[in-house]
Amino acid sequence: MRESGEPKPAHSGEDAPIEDLLGRVVGDARDLAEAELALVKAKAVSEVTPYRTPMVLFVLAALFFTAAITTFCITLALWLGELVGPLGGGLIATGIALLIAGILALTARGKIARLR
């Protein structure tokens with residue numbers, strides 16, 4: 001018996017019909033494509049794995065940054081609430097946060113437009 005890695009014989013005593021040859025070609029092409037895909041997957045996993053822990057830490061940092069910004073906006077609203085009333089303080093703090101978000105979004109859009 002042949003091992004799975006050995007090539008199939010070209011023919012068995014007499015010339016093989018063209019259908020058998022084409023079938024082998026298609027089968028071999030499929031095997032090659034599957035092997036190439038497995039190689040690409042293995043390379044991708046080996047390249048990405050070292051970045052897993054730093055990316056998790058970066059996501060955690062982003063979550064804590066979001067919490068800090070939220071706390072800052074609430075504190076700003078409370079402080080402004082003492083000066084101009086609770087509703088005014090909340091509206092001013094929200095307006096400041098929206099202004100900052102708008103500036104960042106427009107800056108990002110401009111940088112993306114320059115990439116194209």
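A short reminder: the numbers here are calculations on the coordinates, not readings from a lab. Quick caveat, the model's predicted, so the values are computed rather than measured. Ideal geometry is used to build each Cβ from the backbone, glycine not excepted, and the neighbour counts take in all protein chains shown.
The table for this structure:
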item	result
Test for residue 49: is it out of contact with any strand residue (DSSP E or B) (no Cβ under 6 Å at 6 or more places or on another chain) and closer than 30 Å to residue 97 by Cβ	no
Residue match in region 46-58 (condition: of a type in the set (Gly, Ala, Ser), surrounded by fewer than 10 Cβ atoms within 10 Å (Cβ to Cβ) and assigned to a helix (DSSP H, G or I))	yes
Pair list, Cβ < 7 Å and 6+ apart or interchain, from region 54-69 residues that are in contact (Cβ under 8 Å) with a residue 12 or more places away in the chain and under 21 Å from residue 94 (Cβ atoms) to residues that are among the acidic types (Asp, Glu) and surrounded by 10 or more Cβ atoms within 10 Å (Cβ to Cβ)	none
